[in-house]
Every structure is written in C-alpha cells, then in structure tokens.
Amino acid sequence: MNPAVPRFLPSDLAPAEYVIIGGGAVGCGAAYALAKAGHTDVLVIEKQSELCDVTSSQGAGLCGQVRSSAERTRLAMVSAKLFADLQAAGGPATPNWHAVGSLRLANTDERVAEFARLKAVCDEVGLQVELIDIARAKQLWPKLTFEGIRAVLWCPSDGYMDPRSVVRTYAHYSRELGVRFITDTAVEGIELRGGRVAAVRTSRGMVECQNVINAAGSHAYHVAKLVGLELPIVPVRHEYFVSVPMAGLNPELPVVRIPDIGLYVRADGQGLLVGGWEEQALSKNPTEFGLTDEPPLTADEAVLSDFARRLEPLIPGVCGVASSRVAKGWPTFTPDGRFIVGRSSRVPGFIMAAGCNAHGISGSPGLGQHLIEALFSDNPSPYVRSLSPDRFNEMKWDWPTVRQAAEKIYREYYGIGC
Ligand SMILES: Cc1cc2nc3c(=O)[nH]c(=O)nc-3n(C[C@H](O)[C@H](O)[C@H](O)COP(=O)(O)OP(=O)(O)OC[C@H]3O[C@@H](n4cnc5c(N)ncnc54)[C@H](O)[C@@H]3O)c2cc1C
C-alpha cells in the first residue's frame, strides 16, 4: 500500500511577500490582480477545506453594470469585461459567464425618471443600454406579465456568472503565475515587529511575511482587530430561493431587476432564482462573535415568502411553487457603502480588502484594480483614496449608529440614485 501523500508540507508555510487571509471571491480576486500586476510571491490562506466555501459560494452571480455614477459604471464594466474575457479564453477554468443581458423594470414615475438619468450615465461612459417597449421586453422574457411596468431599461452586455467558477478561475490563473494557496488553515494571530507586519500565526505554524491582506469576509472585523484596528464592518443577512423547475424558463433569459419592489430574478437552469432586499434588514454586531465563531444563520421563510408575494403579479403562480434551494449568508456592509481597500497607515504592512456591500463577487475585478492602484500607484485617484481604511481613523463612531447605516444601505440597495 502506498504511504498516504501528506496534504501539508513544511514548504506550504514558506515566507511570502503577501499573505492574503481568506479564499473567497475577494481574496482570490486580489491574488489574481496581484499576480497579473507581477507580484507573485503571494500565499492565500483559507480556513475551510475548499476555497469559496463561505459567503461567495452563496452569491446569485449577478453582475450589473448600470450604476448611478460614471465612476461606478466604469468599474462595473471592468468586471463584466473580465468575466467575458475569461469565458472567451476558454481555458481549463472559466467563470461560467452567461452574457444574457439584463432588464430593469420601473413601476413608478420617479423610477422612470431615474432610468433616464441612468441612461445618460451609460451614454457618457459608452455602456450600451436602451429603453425598450413592453412588447420587446415580452419577447425577451415571455413568462413575465409586465403588469404595472412603466419603463424597461435593457443592458445587453450584463449577465451572470457562477461564483464558485469565478473563484476557481482566479485560483487557476494565479497558481499558473506562482501564487500559493493553502486550505484547512486558520489564521489565529498577526505578529508585528517594530510596529509593522512581520508574520501570521496559523493553526499549522508561523508564516513570515511583509504584508497581510485582510479578505476575511464576515470575519474581516476580527482580523483587523488582531492588529489593533477597529473597523465598522457589519455583516447583514441576505438570502434568496431557487424554485423547482418551472415551465418557460431557461438559463439564457436575461437577469431582471425590479427595484421598486426590491427584487432580482433570473433563471437558474429551469428553476427561478428570486432574491431581494428586506425592509427589516438583520445585521450582526461583529463584536458579539469571535474570530473562530460562525454567526448563526437560518433561512427566514417569512422573508422568502414575501419575495414570492411581491413577484406574484409579474409571475403568476410563483407563490405556490416549491423551492429546490435556499442560499444565505452574511455579506458585509460599511456605513458609507464603500469597499475598504488599501493600506492602513497605522499598521505598516496591513492591507484591507473587505466591506463589499453585497457585491463582492461581481465587484472583485474592480476591487482588485483598486487594490493595485492603492498599493503601487504614486498618485491614486481620489476615489481609490476614499476607500482607504484610514477614513475611519479619525471618525468617531459607535456600533448602533454604524449598524443602522449599514442596514439602511442594505434596505436601499435599489433606492433611487443608489
Ligand atoms: C444570498 C446572497 C446572494 C448574493 N448575491 C451576490 C451577487 O449576485 N453578486 C455579487 O457580487 N455578490 C453577491 N453576494 C455578496 C457576495 O457573496 C459577497 O460580497 C462576497 O462573497 C464577499 O466575498 P469575500 O471573499 O469577502 O467573503 P467570503 O466568501 O466569505 O470569503 C472570506 C473567506 O475568509 C475565510 N476566513 C475568515 N477568517 C479566516 C481566518 N482566520 N483564517 C483563514 N481564513 C479565514 C473564510 O473561511 C472565507 O472563505 C451575495 C451574498 C449572499 C449571501
């Protein structure tokens, strides 16, 4: 009998210039961005036995480019382009990108007016969108009644990906460039020498490093705390259901967003994926659970039934359809709704890549781009500077207030102008 192949080798813990804590979409996207920028002495440490096993695996995979500002639209275009390019490359790993387009539906006059503004932003940055009539929209999504819909904004280059495939693709290309990944290994401490990051202590031993990138998702607060930083990173529950197969669905149907009723919908195979933004958002205070605890999470049937009820006029019968799957997790929000990306000036060598405000998968290419700019540009843009963890250094804040702000951003995710 062959001796068992050791899963871990001492070389797994060899020193690295960058240690990334967390192997979700953000950590793996950061590794990919670093490697592409020529920084390949990178080790990603993930405590689960697989990459992408926590929040990222739960994502609906939506990647929408229509945003309320030119800056955010351009960034979302970076994401859609990367997913499309990686898909077109057809390598051994692809993000499973479905360039199905998206329909955004308006139920109110205010929303119709917002669509005109959104279109103007898209025109400014060269993103093709079109206001289409109901007859055309019905051709694109025959199962939808379009009852009460006053305007439809069509973005043909939008789409959806498979989050696990995205992470696998980042990992594949990063490995090819020399990035190392270890799983089943938890970071338990960060050692500072002379005030700067010098090593991480893991469940398997020490790793010497010059920089740590905190991409620990719902534990990003706790990892920052390991170096004495207190950052307002608030987990807020999010969930969706997928129905059993329904007639008239196929995976090539466009993604649908209905902001006035706070819902997103897409086909998931022959099933219907329905997610949304709750009026009573449920946040967690991260100081109430530890680095090694998982915040408890159960599917909230009342919330999911409410999503179906809101959708019923547009897809009659959806209320009575059984679910085949429920996805749920604790994506993190920040009180100003922005990512936290870049170096901490308080702890040299400590870098943040967290606080994704529920678009960490679709946002991971843009976040990677921000990270590279924040780390290596002599003159980062004002927007990238505004993402720095330092913005919370001087600000006075408390948990009740930042939780309220995070819940508001969650609730108003599809708000006019958001
Ligand atoms: C139901 C649902 C639907 C969503 N839909 C979308 C969508 O359509 N599009 C979109 O862009 N986003 C979506 N999101 C949000 C998206 O999932 C998150 O923004 C994204 O997954 C955050 O990625 P992450 O890498 O920061 O976190 P995670 O995927 O949670 O990764 C963090 C990793 O860090 C690891 N870790 C933590 N602590 C340690 C430690 N001490 N040592 C080692 N490893 C550690 C964890 O195990 C975890 O794997 C959705 C979220 C949910 C819950």
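Since every read-out is calculated from the coordinates, none of them should be taken as a lab result. If you're wondering where the values come from, they're calculated on a predicted model, not measured in any experiment. Every residue, glycine among them, receives a Cβ derived from its backbone with ideal geometry; neighbour counts consider all protein chains shown.
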Next item on the list: Would you kindly state how much longer the chain becomes between residue 270 and residue 130 on full extension, computed as 0.36 nm times their sequence separation minus their alpha carbon distance, in nm to one decimal?
Entry: 47.7 nm
Notebook entry, point to check: How are the C-alpha pair distances of the range 232-299 spread across 10 Å bins, as whole percents from the shortest bin up?
Noted result: 18, 35, 27, 17, 3
Check: Can you flag which of 284/328; 225/284; 47/328 are past 18 Å Cα-Cα?
Finding: 47/328
Notebook entry, point to check: If you look at just the Cα atoms of the range 46-157, how large are its Rg and its Dmax in Å?
Noted result: 16.6, 50
Item checked: Segments 305-313, 350-358 sorted - mean Cβ within 10 Å per residue, highest first -> 350-358, 305-313
Checklist line | Percent of Cα-Cα distances greater than 22 Å, calculated over the range 139-295 | finding: 62
Notebook entry, point to check: Which order do 166, 19, 244 fall in if you start with the one that has the fewest other Cβ atoms within 10 Å?
Noted result: 244, 19, 166
Margin query: With 10 angstrom as the radius, rank 392, 333 by how many other C-beta atoms surround their C-beta, starting from the fewest.
Written below: 392, 333
Next item on the list: Any chance you could run the full-extension gain for residue 325 through residue 399? It's 0.36 nm times the residue separation minus the Cα-Cα distance, nm to one decimal.
Entry: 23.3 nm
Margin query: Let me check I have the definition right: for the range 6-60, take the eigenvalues of the Cα gyration tensor, multiply each by 5, take square roots. What are those semi-axes in whole Å, largest first?
Written below: 20, 17, 7
Margin query: Quick check: the distance between the Cα centres of the range 9-72 and the range 173-235, to the nearest angstrom?
Written below: 12
Check: Taking the simple approach of a point 7 Å from Cα along Cα-to-Cβ for both residue 252 and residue 110, what is their distance in nm?
Finding: 3.9
Item checked: Viscosity 1.567 mPa s, temperature 4 °C, Stokes-Einstein D of the range 94-195 from Kirkwood C-alpha radius, µm²/s -> 74
Checklist line | Full-stretch length increase - residue 11, residue 376 - with 0.36 nm per residue and alpha-carbon distance subtracted | finding: 128.6 nm
Check: Could you give the distance between the Cα centres of the range 346-413 and the range 119-161, to the whole Å?
Finding: 31
Notebook entry, point to check: Taking +1 at the Cβ of each Lys and Arg and -1 at the Cβ of each Asp and Glu, which of 359, 305, 126 sits farthest along the dipole of the chain towards its positive end, judged by Cα position relative to the Cα centre?
Noted result: 126
Checklist line | Neighbourhood net charge (10 Å Cβ-Cβ; Lys/Arg +1, Asp/Glu -1) for residue 102 | finding: +2
Check: If each residue's Cβ is checked for other Cβ atoms within 10 Å, how do 287, 334, 169 rank with the fewest at the top?
Finding: 287, 334, 169
Check: Where in the range 67-82 is the amide nitrogen less than 18 Å from a point lying 7 Å along the Cα-to-Cβ axis of residue 123?
Finding: 67-71, 73-74
Next item on the list: Using only the Cα atoms of the chain, construct the convex hull and provide its projected area averaged over every direction, in square nanometres to one decimal.
Entry: 21.5
Note to self: If you consider only alpha-carbon coordinates, what radius of gyration and Dmax does the range 305-418 have, in Å?
What the structure shows: 18.4, 57
